[in-house]
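Structure, as structure tokens:
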Amino acid sequence: MRQLEGRWKRIVTILAIGLTAFHLYTGLFAPLPCLQQRAVHIGLVFSLVFILFPGRKMRQKSSIPWHDLLLIALLLGSSVYIYTHYMHFWPFKTSPVTAVELTLAVVTTIVVLEAARRTIGWVFPILTAIFLAYTLWGDHIPGQWGHAYIAPPMILQYLYLSSNGIWGFLTGISARFLALFLIFGSLLLTTGAGDTLIKLAILGAGRFRGGPAKVAVVASGFFAMLSGSAIANVVTTGSFTIPMMKKLGYRREFAGGVEAVSSCGGGITPPVMGASAFIMAEFLGIPYLKVIIAAAIPASLYYLSVFTSVHFHSVKHHLVPIPREELPQAREVFTWSRMMCFLLPIGVLLYTLFRGYSLPTVATRTCLTVLVTYIFSDLSLRGMKERLRDIPHHLETAGVAVARVVPILVCASIVLFLLGFTGLTPKLTALIVGIAGANVVLSLVVTAALVMLLGCGLPVSAAYILAIAVTGPLMIGWGILPLAAHLFAVYFAITAGITPPICASTYVASGIAQSNWLKTAWVALRMAPLLYLMPFLFVSDATFIMIGTPWAILLNVGTAAIGVTALASGMWGYFLTECNIPERLALIALGILLLIPGWQTDLLGVALVPVILVKQLRQRRKLSLGIQK
């Protein structure tokens, strides 16, 4: 990112604050007509992108070259054209397309791809370009993979001069409320809640065995939930938690693995869950509250598995908690200024969600709550003046956070449109059916592999969007609940972050820990088996996503919690004392049996409990007698 000074720094400040203020204003009062809202949103975001993110590495990063200014001018001109002519393009333009409009369509598409390349890298823009090429020339492909000839002007007309393509469904989500939630996450973290959370985590978990790693789990999960980016979270919180773990005797690989799996889990953890949950609610046409309720049990079980893994590893290797003198004092943490900036915004978020307010209203009220509590967190006149002076900086940071995310959603909106426009979706679905046949379990495995493959090169939200567009109808056709099918896609998009060989989150954590990346990845895999198992559980039994009778939900969740603990114990080779190979295998078998819904598997699992307990108690008694002698 360019380090700007002087005039360009002031321009970035104006644009970023303007972007934030625009979304807060339209969220508080009323959004503009659909295409106008999206045009202003895109115009401001992409202007920031081309100022802040250079096209290539440059020696002098503080200058803006002429071609970037040209791209900004072209994009702004395109946005202004849509803003002023929006009535003619809803849902698509029916009158003849002019040469100027065709030129704007081509230019805007190229500018969108370039903006995405600068913010997220080459992979997704290249994939989008491949879909565009297929749309243009797919009629030359023989057999079932080809499609009928589509005139280029018609493609451009639907892509640019309509509420599809560039200005389509996902761009609309971004412009209506996703930007507001990104603003909320940025404001919450920059106004002091992030530091408060870390201190709360240290105070609550730091004094126990495995405390430093448990602090990493809590802090990283919360930060990633707000940011929506596991990699960004590894960089942010990992720079604090990984050195702390290493200092207190944790192996480098273990420290990196804990940070990687904790950061990945933020994308499946309510109430924010990154960007994917908002897109899911819009796809399914259901209240966002239903999504976060459905995600609550799987996320809780996942973090239980990570916590118990940390605990068993720490006890086995006699790792010490954080020294008492390094723990924060409770009176320093539980202060008015700290707790109000943290608790009140989260409380407003949950209250407005459960009261059924619309997502733009929820996000706007929460953002305003963050700003108000930040100003009044210091009740002295001098303190309030200082915080008022800091508000523009926080608004600017929030605007930049939005600019980092939006280009990928606009690219994804183009791909989503082209998949349906060319009829490619049913062909890809037929390919999966052809590989797996009528075997539903094998089909789910193939689907999971496809989603993980997409997730290796794409952000979670983009991988989820593409995967659900291709495999969603297929899974629903097998009788899987739509909500479970969408969560299935999100989970396996997330697993790509810790699954070798392309495990971006693990790579970054390994770099901070200065560890062997492959050993770090192995630690992460041992710590997060539930991330791979849970999607198969909730597609087979809806009680895991809070659908069913209260008794059935409690029974399955209760046995699953015991199973998660047993699975972590077997993975790390410690229960009441250190386990041998047969005991580890028995604990893993016990964990899997209790995780699988059904009284038969529960009984089989329960039958293993006395065997394991007796052997562990005997071993523990022998060790205690040996110590006494």
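Any residue in segment 91-99 that is surrounded by 18 or more Cβ atoms within 10 Å (Cβ to Cβ) and in contact (Cβ under 8 Å) with a residue 12 or more places away in the chain?
No: segment 91-99 contains no residue that is surrounded by 18 or more Cβ atoms within 10 Å (Cβ to Cβ) and in contact (Cβ under 8 Å) with a residue 12 or more places away in the chain.
So which of T352, T335 is free of Cβ contacts under 8 Å to residues at least 24 places away in the same chain, under 19 Å from L178 (Cα atoms) and of a type in the set (S, T, N, Q)? Step through it out loud before you land on a result.
Numbers: T335 fails: under 19 Å from L178 (Cα atoms).
When all the criteria are applied, what remains is T352.
Please state which one of A299, A260 is in contact with a helix residue (DSSP H, G or I) (Cβ under 6 Å, 6 or more places away or on another chain), of a type in the set (G, A, S) and buried (at least 24 other Cβ atoms within 10 Å of the Cβ). Step through it out loud before you land on a result.
On the way: A299 fails: buried (at least 24 other Cβ atoms within 10 Å of the Cβ).
Testing whether each residue is in contact with a helix residue (DSSP H, G or I) (Cβ under 6 Å, 6 or more places away or on another chain), of a type in the set (G, A, S) and buried (at least 24 other Cβ atoms within 10 Å of the Cβ) leaves just A260.
Being surrounded by fewer than 24 Cβ atoms within 10 Å (Cβ to Cβ), over 16 Å from the mean Cα position of the chain (by Cα), more than 20 Å from I231 (Cβ to Cβ) and not basic (K, R) is true for just one of P501, P473. Which residue is that? Let's see the steps before the verdict.
On the way: P501 fails: more than 20 Å from I231 (Cβ to Cβ).
Unique residue meeting the criteria: P473.
Confirm whether P212 is surrounded by fewer than 19 Cβ atoms within 10 Å (Cβ to Cβ), farther than 28 Å from Y464 by Cβ and touching a helix residue (DSSP H, G or I) at 6+ places or on another chain (Cβ under 8 Å). Let's see the steps before the verdict.
Numbers: surrounded by fewer than 19 Cβ atoms within 10 Å (Cβ to Cβ): no; farther than 28 Å from Y464 by Cβ: yes; touching a helix residue (DSSP H, G or I) at 6+ places or on another chain (Cβ under 8 Å): yes.
No, not satisfied.
Residues that are in contact with an Asp or Glu (Cβ under 9 Å, 6 or more places away or on another chain) and more than 21 Å from A412 (Cβ to Cβ): which helices (runs of 4 or more DSSP H) entirely in segment 147-223 hold 2 or more of them? So that I can check it myself, show each step before the final result.
Details: elements: 152-160, 169-173, 179-188, 194-205.
Filter on segment 147-223 gives 194-205.
What residue, of G548, G558, G570, is outside any helix (DSSP H, G or I), of a type in the set (G, A, S) and without any contact (Cβ under 8 Å) to a residue 24 or more places away in the chain? Walk me through it before giving the result.
Details: G558 fails: outside any helix (DSSP H, G or I); G570 fails: outside any helix (DSSP H, G or I).
On inspection, the qualifying residue turns out to be G548.
Out of (1) in contact with a strand residue (DSSP E or B) (Cβ under 6 Å, 6 or more places away or on another chain); (2) exposed (fewer than 14 other Cβ atoms within 10 Å of the Cβ), what's the single condition that is false for R324?
(1)
Please pick out the residue among L170, L102, L132, L159 that is surrounded by 16 or more Cβ atoms within 10 Å (Cβ to Cβ), free of Cβ contacts under 8 Å to residues at least 60 places away in the same chain and among the hydrophobic types (A, V, I, L, M, F, W, C).
On the way: L170 fails: free of Cβ contacts under 8 Å to residues at least 60 places away in the same chain; L132 fails: free of Cβ contacts under 8 Å to residues at least 60 places away in the same chain; L159 fails: free of Cβ contacts under 8 Å to residues at least 60 places away in the same chain.
The unique qualifying residue is L102.
Could you tell me which residue of segment 363-416 is nearest to A116 (Cα to Cα), considering only residues that are hydrophobic (A, V, I, L, M, F, W, C) and without any contact (Cβ under 8 Å) to a residue 24 or more places away in the chain? Steps first, please.
Of segment 363-416, the ones hydrophobic (A, V, I, L, M, F, W, C) are 363, 367-368, 370-372, 375-376, 379, 381, 384, 388, 391, 395, 398, 400-403, 405-406, 408-412, 414-416.
Keeping just the survivors that are without any contact (Cβ under 8 Å) to a residue 24 or more places away in the chain gives 372, 375, 381, 384, 388, 391.
Numbers: V372: 34, I375: 35, L381: 44, M384: 39, L388: 34, I391: 29 Å.
Among those that are hydrophobic (A, V, I, L, M, F, W, C) and without any contact (Cβ under 8 Å) to a residue 24 or more places away in the chain, it is I391.
Would you check which residues across segment 76-102 are farther than 20 Å from Q36 by Cα and in a helix (DSSP H, G or I) and list them?
Scanning segment 76-102 gives a single hit, A99.
If you check Y532, Y507, which single one turns out to be within 22 Å of Y302 (Cα to Cα), free of Cβ contacts under 8 Å to residues at least 24 places away in the same chain and aromatic (F, W, Y)?
Working: Y532 fails: free of Cβ contacts under 8 Å to residues at least 24 places away in the same chain.
None of the other options fit; the residue is Y507.
Check off (1) surrounded by fewer than 15 Cβ atoms within 10 Å (Cβ to Cβ); (2) without any contact (Cβ under 8 Å) to a residue 24 or more places away in the chain for D68 and give me the number that stays unchecked.
(1)
Every residue in segment 3-45 that is of a type in the set (G, A, S) and either surrounded by fewer than 18 Cβ atoms within 10 Å (Cβ to Cβ) or more than 13 Å from L395 (Cα to Cα) (or both), please. Talk me through it step by step, then tell me what you get.
Step one: list which residues in segment 3-45 are of a type in the set (G, A, S), which gives 6, 16, 18, 21, 27, 30, 39, 43.
Residues satisfying the conditions are G6, G18, A21, G27, A30, A39, G43.
Within segment 249-272, which residues are assigned to a helix (DSSP H, G or I) and of a type in the set (D, E, K, R)?
Taking segment 249-272 first, the residues assigned to a helix (DSSP H, G or I) are 252-268.
Of everything in segment 249-272, those that are assigned to a helix (DSSP H, G or I) and of a type in the set (D, E, K, R) turn out to be R252, E253, E259.
Is it the case, given these coordinates, that S443 is without any contact (Cβ under 8 Å) to a residue 40 or more places away in the chain and crowded, with 19+ Cβ neighbours inside 10 Å? Before the answer, list the steps.
On the way: without any contact (Cβ under 8 Å) to a residue 40 or more places away in the chain: yes; crowded, with 19+ Cβ neighbours inside 10 Å: yes.
In short, yes.
Looking at segment 75-82, is at least one residue among the aromatic types (F, W, Y), under 30 Å from the mean Cα position of the chain (by Cα) and closer than 22 Å to L161 by Cβ? Steps first, answer last, please.
Initially, segment 75-82 is screened for residues among the aromatic types (F, W, Y), giving 81.
Next, only the ones that are under 30 Å from the mean Cα position of the chain (by Cα) stay: none.
So far as segment 75-82 goes, no, none of its residues is among the aromatic types (F, W, Y), under 30 Å from the mean Cα position of the chain (by Cα) and closer than 22 Å to L161 by Cβ.
Every read-out reported here was derived from the displayed coordinates using simple, explicitly stated rules and does not represent laboratory data. Just so you know, these numbers come straight off a predicted model, no measurement behind them. Note that we place each Cβ from the backbone using ideal geometry, even for glycine, and neighbour counts take in every protein chain shown.
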